[in-house]
Amino acid sequence: MQARGPLMIEHRLIERMLAIVKNVLGQIEAEKKVDPLFVDAAVDFIRVYADRTHHGKEEDILFRDLDKKDLSVEDRRVMDELIAEHVFGRKTTKAIVEANTRYRNGDESALAGIAEKLRALVDFYPRHIQKEDKVFFPAARAYFTDEEDQAMLAEFWEFDRKMIHEKYESLVEGFERDPAN
Ligand SMILES: [Fe+2]
Ligand SMILES: [Fe+2]
C-alpha cells in the first residue's frame, strides 16, 4: 500500500459521517430540534478521528516531509490552502460545541448556530477531500521515492497505534481536572 492509502480510506469514513450529519440537518429543519448527544458524538468523531487522527497524519507526517522538498509554487499553495481548511474545520467545530452547550442549557436560539456550523462542515469538507484525493495526493507522491513513501506509511501506522491511548488518557485527565465534567 502507498502512504496515501490509509488517508484515502479515512476519507471514506469521514464521507459516511458527513452523510449522516446531512440527514440530521434535514431533521433539524423539519422538527426544529436536535439531540445534543448526537452533536456530542459528531463532534467527538470530527475532533478525534477527522482532526487528530486524520489531519494529524497529514500535517505531522505528510506535510512535514513535503515541506523539506522543493515544492512547485502551485503545490505549496495547495498545501497552505489545505492547512487553512483544517484550521477552519477546528474553528467551526469549536463553534458547534459552544452552541450545543447553550442549546443544552435551554437556549433554543442556539439551534440555528448548530445547524449553520454543521452545514458549513458538510458543504466544505467534501471539496477538501476531493482536492486531496484527486489533486494533492497524486502531486505529493511524485516528490517521494518508494522508500520515502513506505517510511511515511510505517510512521502513519505508528501514529495510529497511539491514538486510542491518547484519547482515553485525555478522558481520564479531564475527569481528574474536573470530576464533574
Ligand atoms: Fe486534509
Ligand atoms: Fe484528508
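Only the coordinates and a few stated rules stand behind these numbers; no lab work does. Note that this is a predicted model, so its numbers are computed, not measured. Please note: Cβ atoms are built from the backbone with ideal geometry, for glycine as well, and neighbour counts cover all protein chains shown.
Each residue, D51 and E31, gets one label point 7 Å from its Cα in the Cβ direction; the gap between the two is 2.6 nm. Please identify, among I28, I14, I96, the residue showing maximal mean-square fluctuation in a Gaussian network model of the chain using a 10 angstrom Cα cutoff. Looking only at I28, I14, I96, the biggest GNM fluctuation is shown by I28. Within straight cross-link reach of K33, meaning Cα distance under 18 Å, which aspartates and glutamates are found once same-chain residues fewer than 8 apart are removed? The reachable aspartates and glutamates, counting only those whose Cα sits under 18 Å from K33, are E98, D107, E108, E116.
Across V24, V87, V73, mean-square fluctuation computed from a Gaussian network of the chain (C-alpha pairs under 10 Å connected) peaks at V73. Put simply, the Cα atoms of the stretch 1-136 extend 53, 24, 21 Å along their principal axes, the longest span coming first. Pairs with C-alpha atoms separated by more than 28 Å, drawn from the list K68/K117; K22/K57; K22/K69, are K68/K117; K22/K69.
Between the Cα long axis of helix 4-31 and the first principal axis of the chain there is an angle of about 20°, rounded to the nearest 10. Our note on the geometry: Cα centres of the stretch 36-56 and the stretch 160-181, 14 Å apart. For the stretch 34-47, putting each phi into the Karplus relation 6.51 cos²θ - 1.76 cosθ + 1.60 with θ = phi - 60° gives couplings of 9, 8, x, 5, 5, 4, 4, 5, 5, 5, 4, 4, 5, 6 Hz, in residue order, rounded to whole numbers and with x for Gly and Pro.
For the stretch 99-109, the Karplus equation 6.51 cos²θ - 1.76 cosθ + 1.60, evaluated at θ = phi - 60°, returns couplings of 5, 5, 5, 4, 4, 4, 8, x, 8, 5, 5 Hz by residue, with Gly and Pro reported as x.
Distance from the alpha carbon centroid of the stretch 106-145 to that of the stretch 79-102 works out to 10 angstrom. The calculated FRET efficiency for I9 paired with R119, based on their beta-carbon distance and R0 = 25 Å, is about 0.45.
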